[in-house]
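The values are calculated or read from the model by the stated rules, or taken from the named source; none is laboratory data. Remember, it's a predicted structure, so these values are computed and weren't measured experimentally. Every residue, glycine among them, receives a Cβ derived from its backbone with ideal geometry; neighbour counts consider all protein chains shown.
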Number of protein chains: 2
Amino acid sequence: MANTVSLVKTSYGAPMELADLQRRMADTYGERDQARGVPATVAWLTEELGELAQAVRKGSSEEQLHELGDVLAWLASLAEQLGLSLEDAVARYADGCPICHQSRCRC
Amino acid sequence: MANTVSLVKTSYGAPMELADLQRRMADTYGERDQARGVPATVAWLTEELGELAQAVRKGSSEEQLHELGDVLAWLASLAEQLGLSLEDAVARYADGCPICHQSRCRC
């Protein structure tokens, strides 16, 4: 199992569910998301992915963690605006690879 | 609250935690991820974001859901390879906007 580094103390003890994350994003940014619209949200998500790529290439672990969070937050905003659930989106990965159906992918 | 459409039946009842997702990705794709390396994983993530953008522009809700899942899965793979936790990555969003600190962003 990969060594997991926790650089940010969670502000609460409970693990975050994908549905929780999406709900929190909707509460915090829902109005702004609706006003901005889907295409602009895709543009923002793309910008954040670029920042993540840069952090991965030449940034610190702390910067990488920050950008991972931003990308995930924007992905949740986009899902919400599309009326779709991130929880459902990953359901097909629940039992191993959705293509070869192995618990360790053999594609 | 946005209308959430569930197009994919979850194969189990329990909600998925971010840490669970990351662990499942590591179990399923960890060996391939390690062999591929981080830069190639960033390239894949970028490719998937492009597919998501296309699905958002001209695809069905089902296609959008599929691509949301792929982006999230690749993001989890990347986090795992970096030795970082997606759970920690979003912790700073736990209590509203991390910049203005409002439960409804006023930035």
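Confirm whether A:Thr41 is among the β-branched types (Val, Ile, Thr) and within 7 Å of chain B (Cβ to nearest Cβ).
So A:Thr41 fails the test.
Does B:Glu31 count as in a helix (DSSP H, G or I), modelled with pLDDT of 95 or more and not hydroxyl-bearing (Ser, Thr, Tyr)?
no
Any chance segment A:60-76 includes a residue that's within 16 Å of the chain's Cα centre (by Cα), charged (D, E, K, R), within 24 Å of B:Cys97 (Cβ to Cβ) and facing another protein chain (nearest Cβ under 8 Å)?
Looking for residues that are within 16 Å of the chain's Cα centre (by Cα), charged (D, E, K, R), within 24 Å of B:Cys97 (Cβ to Cβ) and facing another protein chain (nearest Cβ under 8 Å), one finds none in segment A:60-76, hence no.
Please find, among A:Cys100, A:Cys105, the residue that is more than 7 Å from chain B (Cβ to nearest Cβ) and either within 27 Å of B:Lys58 (Cβ to Cβ) or modelled with pLDDT under 95 (or both).
Only one candidate passes the filter, namely A:Cys100.
(1) farther than 14 Å from A:Ala76 by Cα; (2) assigned to a helix (DSSP H, G or I); (3) facing chain A (nearest Cβ under 8 Å): which one isn't true of B:Pro15, the others all being true?
Condition not satisfied by B:Pro15: (2).
Looking at segment B:47-59 only, could you name the residues that are part of a helix (DSSP H, G or I) and under 16 Å from A:Leu78 (Cβ atoms)?
Residues satisfying the conditions are B:Glu48, B:Leu49, B:Gly50, B:Glu51, B:Leu52, B:Ala53, B:Gln54, B:Ala55, B:Val56, B:Arg57, B:Lys58.
If I go through segment B:38-53 residue by residue, how many of them are of a type outside the set (D, E, K, R) and touching a residue at least 12 places away in the same chain (Cβ under 8 Å)?
Summing the residues that are of a type outside the set (D, E, K, R) and touching a residue at least 12 places away in the same chain (Cβ under 8 Å) in segment B:38-53 gives 7.
Against the condition closer than 23 Å to A:Gly30 by Cα and in a loop (DSSP other than H, G, I, E, B), how does B:His101 come out, does it pass?
Yes: the conditions hold for B:His101.
Just name the residue that is nearest to B:Arg57 (Cα to Cα) out of those in segment A:14-40 that are hydrophobic (A, V, I, L, M, F, W, C) and over 17 Å from the mean Cα position of the chain (by Cα).
Out of the qualifying residues, it is A:Ala40.
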